[in-house]
Amino acid sequence: MKRERYKSLRTLPREEPLGPGGPLCAGCGGLLALRLFHKALGGNAVFVNAAGCCTLLATYPFTPLRSSWIYTAMASAPAGAQGVRDALDILAEKGKLGAGDRKVVVLTGDGAAQDIGLQSTMAAIHRGLDFYYLCYDNEAYGNTGFQTSASTPYGSRTATCPIAPLSPRGNPAPRRDLFEIWRAQKPPYVATLSAAYPLDLAEKVFRASKFAGPKLFIALAPCPPGWDVDSEWAVELARLAVETGIWPLKEAVHGEVSHTFVPRRFKPVEQYLSLQGRFRHLFEPKRDDAAIALIQGAVDEYWKAARPGGGRAPGETP
Ligand SMILES: Cc1ncc(C[n+]2csc(CCOP(=O)(O)OP(=O)(O)O)c2C)c(N)n1
Ligand code: SF4
């Protein structure tokens, strides 16, 4: 991706849209993604948040967030966003709102995005609602104790897939592909993000801002308690997910996919997996070579299929 606006870290906005003192866990990858996303988006946004960890950012009357916030039931954030969009548009028509931006952002975890809120999301895309949708993807239902979601990767230990004789490899199913689910409806903009690549992240928000209509961002969100890692590992894991090819950085403009960063040489997936307690059973007490090969095989298949076309730029600096 040729960057138009964000070429170095100095070009990122200095304003901090999130004040200190929030009650989320130290090292929360979702919070970092939200902070960077909001920096790039600018002020005057209304966040419509489905129940999840980020709900803790608005424990009335306190919030560390500088923008507006409305909390909805888990299934209905996109429906809430429609109401906010309509209200803002009516106020603007009546001349009661200034000329400033009036951005509406749905903020959800993967449980709401992939499972409980998928129907209302599909309906909003179908209506062509003009909104941003930020899914911080910690690959489980984090807020209620890290249960399996449709976004949980194969082999992850979760609260509902503990390591037990009947589930020796944790979650037995591959994760569902939210990027492709959205892309099938050809909204103007769909992208994946990693907080370890802030320039790539910010440039995508800038590119998306040129389009009216539904705009999706899925940010991999390392979750220290759920992933069973120390807080300081969150950014490193967000980076390793990209470097191993497990988390491709890409975008789709009107359905056409391009990869925005492709590592020159992919690291083996076990460098990413072995650092996390949720995958520890694949390495201890006995190494599960078959499971690791399966995960590596799926990544290799993905990149083999992605190679022809797709605007690849091997080794491009993110
Ligand atoms: C319909 C419904 N089912 C269950 C819940 C209970 N609940 C509240 S937050 C939450 C977890 C949400 O997971 P996710 O969307 O992935 O966000 P995260 O907690 O990871 O931030 C659940 C299951 C709910 N609020 N509504
Ligand atoms: S449980 Fe995970 S997603 Fe939730 S606040 Fe803590 S680190 Fe963030």
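The values are calculated or read from the model by the stated rules, or taken from the named source; none is laboratory data. Keep in mind that what you see is a predicted model, and the values were worked out from it rather than measured. We place every Cβ from the backbone using ideal geometry, glycine too, and count neighbours over all the protein chains shown. These area figures cover heavy atoms from the full protein model, side chains too; ligands, DNA and RNA do not enter into them. Shrake-Rupley method; radii C 1.70, N 1.55, O 1.52, S 1.80 Å.
Here are the numbers for the structure shown:
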{"item": "Cα-based Rg of segment 180-318 normalised by 2.2 N^0.38 Å, two decimals", "result": "1.11"}
{"item": "Rounded percent of accessible protein surface that carbon and sulfur make up, the chain, 1.4 Å probe", "result": "57"}
{"item": "Projected label distance in nm at residue 26 and residue 267, using a 7 Å step from Cα toward the beta-carbon", "result": "2.3"}
{"item": "Using a Förster distance of 41 Å, the FRET efficiency for residue 228-residue 91 (Cβ separation, nearest 0.05)", "result": "0.30"}
{"item": "Cα-based helix-to-principal-axis angle, 77-93 vs the chain, degrees rounded to 10", "result": "20"}
{"item": "Kirkwood hydrodynamic radius over Cα pairs of segment 1-86, then Stokes diffusion coefficient at 25 °C and 0.890 mPa s, in µm²/s", "result": "172"}
{"item": "Pairwise centroid distance, computed over Cα atoms, of segment 266-289 with segment 192-256, Å", "result": "22"}
{"item": "Per residue accessible area in Å² of segment 1-124, where ligands, DNA and RNA are left out and the probe is 1.4 Å", "result": "49"}
{"item": "Residue 126 versus residue 7: modelled label distance in nm, points set 7 Å from Cα along the beta carbon direction", "result": "4.5"}
{"item": "Where only alpha carbons of the chain are counted, the Rg and the Dmax (Å)", "result": "19.1, 68"}
{"item": "Segment 229-308 shape via C-alpha gyration tensor axes, a/c threshold 1.5", "result": "oblate"}
{"item": "At most 11 other Cβ within 10 Å, DSSP loop - trypsin sites (Lys or Arg not before Pro), segment 227-303", "result": "264, 265, 286"}
{"item": "Rounded D (µm²/s) - segment 172-238, Kirkwood Rh over Cα pairs, Stokes-Einstein at 4 °C, 1.567 mPa s", "result": "95"}
{"item": "Cα-based equivalent ellipsoid, segment 96-223: semi-axes from gyration tensor eigenvalues, Å", "result": "31, 15, 13"}
{"item": "For segment 157-234: accessible area per residue (Å², 1.4 Å)", "result": "39"}
